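This report concerns only the one structure given below.
The values are calculated or read from the model by the stated rules, or taken from the named source; none is laboratory data. All values reported here derive from a predicted model rather than from experimental measurement. Cβ sites come from the backbone with ideal geometry, for glycine too, and all protein chains shown count toward neighbours.
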Ligand SMILES: Nc1ncnc2c1ncn2[C@@H]1O[C@H](COP(=O)(O)OP(=O)(O)O)[C@@H](O)[C@H]1O
Ligand SMILES: CC(=O)N[C@@H](CCC(=O)OP(=O)(O)O)C(=O)O
């Protein structure tokens, strides 16, 4: 890309007020499995996270890995099944989920951040039992409970481990696995972990990176801002469905519970994080409580 020097300088200068405003603040970034498909984009993501840390912010990464779980399930001859955006998780699937989220995906992100000069530490909710969960039931249209196996609903998050890492300038990279009362593992949707963690840490920002330009209306047009009331209407007429359901619920909860700004952005855009945090350019959809 050939950008004239003067233009480059303007963009850099534009970052200053944002760096001042967000220095010392926690920014929770959900890195969705669908945004993780391209190697060059993954490198850009890792560089952006390191840059945010170096200019004084506290990025906390929560990652997904839905497509990566599907890939391994396929290799062992199982098909991934979702109800209301949640994976039906029998015990064999749970083993694959732990391998992919707690192992492969988590360590790949940790390695990439460290390669670019950050100090990333990978953790799951099993570490110091910091994400406690219980079995989640979905509800059918006539309010009957639907059993989807080892899927967890977050009961509590202990912020002390992540806070300790932040204070020591480590970058926490969190896999969305919770732990039950008997030490059993639960598969938790990564958007829900990111939202709850942002609330618990009283984060300044929650950024959900996915594979669409943001929330789209019925005609496929980007909605740049959404209030709770507008979200309800989009739920009711089916415009929001599948993986966008837990994403929006989590975004709304975070906005209602003290997280200053909540955004759903396109992780397929190179350096989307820097654009969202350090420039005037509005990217994606901002979710507002009112
Ligand atoms: N109104 C909507 N606007 C944008 N995406 C939507 C909408 N409703 C459903 N979706 C779906 O939600 C998907 C994003 O959720 P998901 O697949 O869980 O991604 P991620 O892995 O990033 O969490 C989009 O790719 C799209 O298929
Ligand atoms: C219960 C449930 O659905 N868990 C998700 C956890 C990973 C995730 O959320 O990944 P994405 O952010 O890439 O969708 C799953 O098993 O796919």
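Here are some notes:
- Some residue of region 206-221 being without any contact (Cβ under 8 Å) to a residue 60 or more places away in the chain and within 16 Å of ligand 2 (Cβ to nearest atom): yes
- Applying the condition of being farther than 23 Å from residue 201 by Cβ and surrounded by 15 or more Cβ atoms within 10 Å (Cβ to Cβ) to region 236-269 and asking which residue is farthest from ligand 2 (Cβ to nearest atom) yields 239.
- Looking across 74, 108, 98, one residue alone is exposed (fewer than 14 other Cβ atoms within 10 Å of the Cβ), at negative phi and either within 16 Å of ligand 1 (Cβ to nearest atom) or assigned to a helix (DSSP H, G or I) (or both). It is 74.
- Positions within region 228-240 being within 12 Å of ligand 1 (Cβ to nearest atom) and free of Cβ contacts under 8 Å to residues at least 40 places away in the same chain, in sequence order: 230, 233, 234, 235, 237, 238, 239, 240
- First in region 144-158 and outside any strand (DSSP E or B), second anywhere and at pLDDT 95 or above and away from ligand 1 (no atom under 16 Å from the Cβ), Cβ under 9 Å, 6 or more apart: 158/128; 158/129; 158/130; 158/131; 158/132; 158/200
- Of the residues making up region 180-227, those that are assigned to a strand (DSSP E or B), surrounded by 21 or more Cβ atoms within 10 Å (Cβ to Cβ) and away from ligand 1 (no atom under 13 Å from the Cβ) are 185, 186, 187, 205, 206.
- Yes/no for residue 134 being within 18 Å of residue 93 (Cα to Cα), more than 18 Å from the chain's Cα centre (by Cα), within 16 Å of ligand 2 (Cβ to nearest atom) and surrounded by fewer than 20 Cβ atoms within 10 Å (Cβ to Cβ): yes
- When residue 118 is tested against (1) within 16 Å of ligand 1 (Cβ to nearest atom); (2) buried (at least 21 other Cβ atoms within 10 Å of the Cβ), only condition (1) is not met.
- For region 78-95, a residue qualifies if it is in contact (Cβ under 8 Å) with a residue 60 or more places away in the chain, within 12 Å of ligand 1 (Cβ to nearest atom) and more than 18 Å from residue 63 (Cα to Cα), and the qualifying residues are 82, 84.
- Single residue of region 82-91 satisfying the filter (over 18 Å from residue 244 (Cβ atoms) and in a loop (DSSP other than H, G, I, E, B)) that is farthest from ligand 2 (Cβ to nearest atom): 90
- Failed item in (1) more than 8 Å from ligand 2 (Cβ to nearest atom); (2) surrounded by 15 or more Cβ atoms within 10 Å (Cβ to Cβ); (3) assigned to a helix (DSSP H, G or I), with residue 60 passing the rest: (3)
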